[in-house]
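The structure appears right after this line, and notes come after that.
Just so it is clear, none of the values below were taken in a lab; they were calculated from the coordinates. Worth saying up front: this structure is predicted, and the values here are computed from it rather than measured. Every residue, glycine as well, gets a Cβ built from its backbone with ideal geometry; the counts of neighbours run over all protein chains shown.
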Amino acid sequence: MDPVTLVISALVAGAAAGTSGAVSTAISDAYEALKRLVVSRLSGAGKDPKLIEDAARSETAKSRLVEALNEIGVDTALRQAAQEFIDLLESNERGKFVVDASQARGVIVGDHSVQHNTFN
């Protein structure tokens with residue numbers, strides 16, 4: 001994935017995740033850090049940082065943000081922040097546990113759980 005597409009994807013995914021109310025503090029913090037970097041780059045180049053918020057709501061605004069990022073370029077720090085955010089978001093979606101309970105009896109899943117079973 002090219003760097004501009006990576007940053008745009010991360011920003012749009014972060015905006016969508018932020019509205020769900022089910023994101024962790026780590027995800028929220030990573031998204032805010034990414035946004036700060038993009039705002040800094042856009043402001044430094046005389047571009048409107050409001051494009052970030054608008055990009056998640058409008059394809060036109062998203063296109064303008066793509067143009068702006070193509071003009072100013074995506075440096076290593078910005079690309080890395082976007083990739084780290086995407087990785088964090090994807091790891092959160094996978095969940096904490098992977099359970100195969102196809103042959104199980106009396107299943108309990110979770111942290112610090114206690115269960116006492118008697119099977120006859």
Subject >> Residue among LYS62, LYS50, LYS35 with the largest mean-square fluctuation in a Gaussian network model of the chain, springs linking Cα atoms under 10 Å >> reply: LYS50
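Given the DSSP H assignment, sum -39500 (n - 2.57) over each helix run of at least 4 residues in the chain and divide by its residue total; what's the result at 222 nm in deg cm²/dmol, nearest 500? Intermediate results must be reported in sequence, preceding the final value.
Numbers: 5 runs with 76 residues, N = 120.
Estimated from H runs of four or more residues: -21000 deg cm²/dmol.
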**OP:** Towards the positive end of the charge dipole of the stretch 17-88, with charges on Cβ (+1 Lys, Arg; -1 Asp, Glu), say which of GLN80, VAL38, ALA26 has the farthest Cα.
**Re:** VAL38
Original post:
So what J values fall out for the stretch 2-15 if you push phi through Karplus, 6.51 cos²θ - 1.76 cosθ + 1.60 with θ = phi - 60°, rounded to Hz, Gly and Pro as x?
Top reply: 5, x, 5, 4, 4, 5, 4, 4, 5, 5, 5, 5, x, 5
**OP:** For helix 25-44, report the angle its Cα long axis makes with the longest principal axis of the Cα atoms of the chain; keep it between 0 and 90° and round to the nearest 10°.
**Re:** 10
Subject >> 0 to 90° range, to nearest 10: angle between helix 76-94 axis and the chain longest Cα axis >> reply: 30
Original post:
What's the angle, to the nearest 10 degrees (0 to 90), between helix 59-72's Cα axis and the longest principal axis of the chain?
Top reply: 70
**OP:** In Å and from the alpha-carbon atoms only, list the Rg and Dmax of the stretch 3-94.
**Re:** 12.3, 39
**OP:** Among ILE86, ILE52, ILE108, determine the one that fluctuates most according to a GNM of the chain built with springs between C-alpha atoms less than 10 Å apart.
**Re:** ILE108
